[in-house]
Amino acid sequence: MTFAWLKRYAPRSLYGRAALILLTPVIVIQLVVAIVFIQRHYEDVTEQMSRNVALELRFLADQVDAAPGPAAALTDTAALSGALGIELSLAERRARLADRRRFYDWSGRRVIDTLRAELPDVRWIDLASDDKRVALGMDSPHGTLEIGFPRSRVSASNPHQLLVLMVGVSLLMTVIAFLFLRNQVRPIHRLAQAAEAFGRGRALPYRPSGATEVRLAGQAFLDMRNRIERQIEQRTIMLSGVSHDLRTPLTRLKLGLSMLEPDPDTEDLLGDVRDMEAMLDSFLGFAQLDSLDDPEPVDPAELLETLARGAARAGQNVTVSGTCPTGPVLLRPMAVQRALENLIGNAVRHADRVELSCVVGERAVVFRVEDDGPGIDPAVREEAMKPFTRLDTARGQNRGGNVGLGLSIAIDIARQHGGTLRLETSERMGGLRAELVLAR
Ligand SMILES: Nc1ncnc2c1ncn2[C@@H]1O[C@H](COP(=O)(O)OP(=O)(O)OP(=O)(O)O)[C@@H](O)[C@H]1O
Ligand SMILES: [Mg+2]
């Protein structure tokens, strides 16, 4: 048997789980102690006390039985019953046989059972009329002997004191434990926040704190973050250095070429130079990815409209299908626009018709770029998303300065938003469907 179903009801947060682990044993122990120990203990005590009183009652009853008449019976026993705190009186025989106790009077049942067992002559026992007194009737030759004595003689007083103390103390301990627990959970929570923020491209100030294990994890996270930041920095410096240094000789080359007599050869060369410039722009863009804008509220539908209009102006067949039924979503507008431009650029290069759409969910925004081109073979989709990978080298190398960075830039941007890029086959149009998934 597995306990998988339990998981559904278990709390999800560490705080909740720790609290559960802490509380369950306390509550179970309390229940066991309360039910087994207290009940047994008080029932036994009640029985013993009842038996003692029963002995006294039997002795008094015997005295009453032995007396010559009703008046003598009462006077003979007056001194003794007064000393024992038991009231005696004689009454007409009454047909009242039922025992009475209040329904919540647990020890009362034990009192009745014990008295009945010890005193066979008892006709009725009444614990209900006055919960501080026990009244009972016994047969005697002079009529029914009615007996009354304080309830405290047969029941332990204040049985709830132990319970109240137990519950009170454990409540206090639980509160204290909760306070300590919260202090233990807080560093983990902060580490999780810092890690999540870094995953989305933001570096929150973070200092390891808390228990040793948490501190270690925090330090490891900081080391990792520093290393990644250093790598990004190096990539940026290198790529922008290369691009920048190449740009100057390229400009000179372009100038020199434009001075020459215009003929097909120089035109080709000029085209190549322009492609190289475009490539350098891509490199620079890739390198500067992380220094893009801050998140701000953007209407996804509006973003798509802007992109479609821009593409239409360039004579491309790009349309927006459907609507995004929502208001603004928090994202980095420049970055997302850039990622979508890359996807649209790919699509118009490979297909005739391109459609944009978006879906806004609880936790994510999905931008879709679909086309009716040849698509990408599922086997090489992973490959296509890697930097500097071009799949169509043979097909169209000379169509602009493609370096194979478009998809990897889009992925980088998606990751900055805690999302991802999915490549699939478009069911509607037959070509590629690129989905930019961004966490909200
Ligand atoms: N919509 C598409 N239809 C068919 N193939 C595609 C599509 N989008 C991308 N590809 C393939 O995936 C490869 C990688 O795309 P990516 O955008 O990363 O590079 P690129 O377009 O070649 O160069 P860059 O975007 O840097 O100019 C492309 O070379 C192309 O072969
Ligand atoms: Mg591209």
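Among the residues of segment 315-335, how many are of a type in the set (A, V, I, L, M, F, W, C), away from ligand 2 (no atom under 16 Å from the Cβ) and modelled with pLDDT of 90 or more?
1
Being over 60 Å from the mean Cα position of the chain (by Cα), closer than 24 Å to PHE388 by Cα and surrounded by 14 or more Cβ atoms within 10 Å (Cβ to Cβ), is that true of even one residue in segment 271-286?
Checked segment 271-286: no residue is over 60 Å from the mean Cα position of the chain (by Cα), closer than 24 Å to PHE388 by Cα and surrounded by 14 or more Cβ atoms within 10 Å (Cβ to Cβ).
Out of the residues in segment 173-189 meeting the condition of being open to solvent by less than 90 Å² (accessible area, probe 1.4 Å) and among the polar types (S, T, N, Q), tell me which one is farthest from LEU14 (Cα to Cα).
Out of the qualifying residues, it is THR174.
State which residue pairs qualify: first residue over 26 Å from VAL185 (Cα atoms) and inside segment 13-36, second residue in a helix (DSSP H, G or I) and open to solvent by 60 Å² or more (accessible area, probe 1.4 Å) in any location, beta carbons under 7 Å apart, and separation of 6 or more residues or different chains.
As it stands, the answer is ALA34/LEU163, since those pairs meet every condition given.
Of the conditions (1) loosely packed, with under 12 Cβ neighbours inside 10 Å; (2) polar (S, T, N, Q); (3) outside any helix (DSSP H, G or I), GLN161 clears all except one; give me its number.
Tallying (1) loosely packed, with under 12 Cβ neighbours inside 10 Å; (2) polar (S, T, N, Q); (3) outside any helix (DSSP H, G or I), GLN161 fails exactly one: (3).
Go through VAL348, VAL369, VAL354, VAL380 for me and flag whichever is within 9 Å of ligand 1 (Cβ to nearest atom) and free of Cβ contacts under 8 Å to residues at least 12 places away in the same chain.
Of VAL348, VAL369, VAL354, VAL380, the one residue that is within 9 Å of ligand 1 (Cβ to nearest atom) and free of Cβ contacts under 8 Å to residues at least 12 places away in the same chain is VAL380.
When you scan segment 391-402, do you find a residue that is within 12 Å of ligand 1 (Cβ to nearest atom) and crowded, with 19+ Cβ neighbours inside 10 Å, even just one?
Yes; the residues of segment 391-402 include at least one that is within 12 Å of ligand 1 (Cβ to nearest atom) and crowded, with 19+ Cβ neighbours inside 10 Å.
Could you check, for segment 299-314, whether at least one of its residues is within 16 Å of ligand 2 (Cβ to nearest atom) and either assigned to a strand (DSSP E or B) or at pLDDT below 90 (or both)?
The answer is yes; a qualifying residue exists.
Report, by residue number, each residue of segment 136-150 that is at pLDDT below 90 and under 16 Å from GLU47 (Cα atoms).
Selection gives nothing.
I'd like the full set of residues that are open to solvent by 80 Å² or more (accessible area, probe 1.4 Å), farther than 23 Å from ASP294 by Cα and touching a residue at least 12 places away in the same chain (Cβ under 8 Å), limited to segment 190-231.
Once the filter is applied, which keeps residues that are open to solvent by 80 Å² or more (accessible area, probe 1.4 Å), farther than 23 Å from ASP294 by Cα and touching a residue at least 12 places away in the same chain (Cβ under 8 Å), segment 190-231 yields only ARG215.
Under the condition of being under 11 Å from LEU307 (Cβ atoms) and within 9 Å of ligand 2 (Cβ to nearest atom), which residue from segment 343-352 is most open to solvent (accessible area, probe 1.4 Å)?
Per the criteria, the residue is GLY345.
Would it be correct to say that PRO120 is without any contact (Cβ under 8 Å) to a residue 60 or more places away in the chain, in a loop (DSSP other than H, G, I, E, B) and open to solvent by 40 Å² or more (accessible area, probe 1.4 Å)?
yes
Name the pairs: first residue in segment 256-278 and free of Cβ contacts under 8 Å to residues at least 60 places away in the same chain, second residue open to solvent by 70 Å² or more (accessible area, probe 1.4 Å) and not polar (S, T, N, Q), Cβ to Cβ under 7 Å, at least 6 apart or on different chains?
The qualifying pairs are LEU257/LEU269; THR266/LEU260; VAL273/LEU253.
With ARG100, ARG133 as the choices, which residue is open to solvent by 80 Å² or more (accessible area, probe 1.4 Å), in the same structural domain as ILE35 (by TED's automatic domain parsing), modelled with pLDDT of 85 or more and touching a strand residue (DSSP E or B) at 6+ places or on another chain (Cβ under 7 Å)?
The conditions single out ARG100.
Being over 18 Å from THR389 (Cα atoms), away from ligand 2 (no atom under 13 Å from the Cβ) and out of contact with any Asp or Glu (no Cβ under 9 Å at 6 or more places or on another chain) is the requirement here; does VAL365 meet it?
Considered against the rule, which asks whether it is over 18 Å from THR389 (Cα atoms), away from ligand 2 (no atom under 13 Å from the Cβ) and out of contact with any Asp or Glu (no Cβ under 9 Å at 6 or more places or on another chain), VAL365 comes out as yes.
Tally time: how many residues in segment 216-245 are of a type in the set (S, T, N, Q) and under 13 Å from GLY285 (Cα atoms)?
Adding up the residues that qualify gives 3.
If the requirement is being in contact with a Lys or Arg (Cβ under 8 Å, 6 or more places away or on another chain), hydrophobic (A, V, I, L, M, F, W, C) and buried (at least 18 other Cβ atoms within 10 Å of the Cβ), which of these qualifies: VAL329, VAL318, VAL336?
Among VAL329, VAL318, VAL336, only VAL329 is in contact with a Lys or Arg (Cβ under 8 Å, 6 or more places away or on another chain), hydrophobic (A, V, I, L, M, F, W, C) and buried (at least 18 other Cβ atoms within 10 Å of the Cβ).
Regarding CYS324, is this residue within 20 Å of GLY418 (Cβ to Cβ), in a loop (DSSP other than H, G, I, E, B), within 38 Å of the chain's Cα centre (by Cα) and away from ligand 1 (no atom under 13 Å from the Cβ)?
Against the criterion (within 20 Å of GLY418 (Cβ to Cβ), in a loop (DSSP other than H, G, I, E, B), within 38 Å of the chain's Cα centre (by Cα) and away from ligand 1 (no atom under 13 Å from the Cβ)), CYS324 qualifies.
Can THR144 be described as over 27 Å from ILE35 (Cα atoms), among the β-branched types (Val, Ile, Thr) and without any contact (Cβ under 8 Å) to a residue 12 or more places away in the chain?
For THR144, the condition - over 27 Å from ILE35 (Cα atoms), among the β-branched types (Val, Ile, Thr) and without any contact (Cβ under 8 Å) to a residue 12 or more places away in the chain - is not met.
Select, from ALA195, ALA203, the only residue that is under 21 Å from ALA414 (Cβ atoms), in a helix (DSSP H, G or I), under 25 Å from the mean Cα position of the chain (by Cα) and of a type in the set (A, V, I, L, M).
None of the others qualify; the one that does is ALA195.
The values are calculated or read from the model by the stated rules, or taken from the named source; none is laboratory data. Treat the numbers as computed from the prediction; the structure is a model and nothing was measured. Please note: Cβ atoms are built from the backbone with ideal geometry, for glycine as well, and neighbour counts cover all protein chains shown. For accessibility, only protein heavy atoms count, side chains too; no ligands or nucleic acids. Shrake-Rupley method; radii C 1.70, N 1.55, O 1.52, S 1.80 Å.
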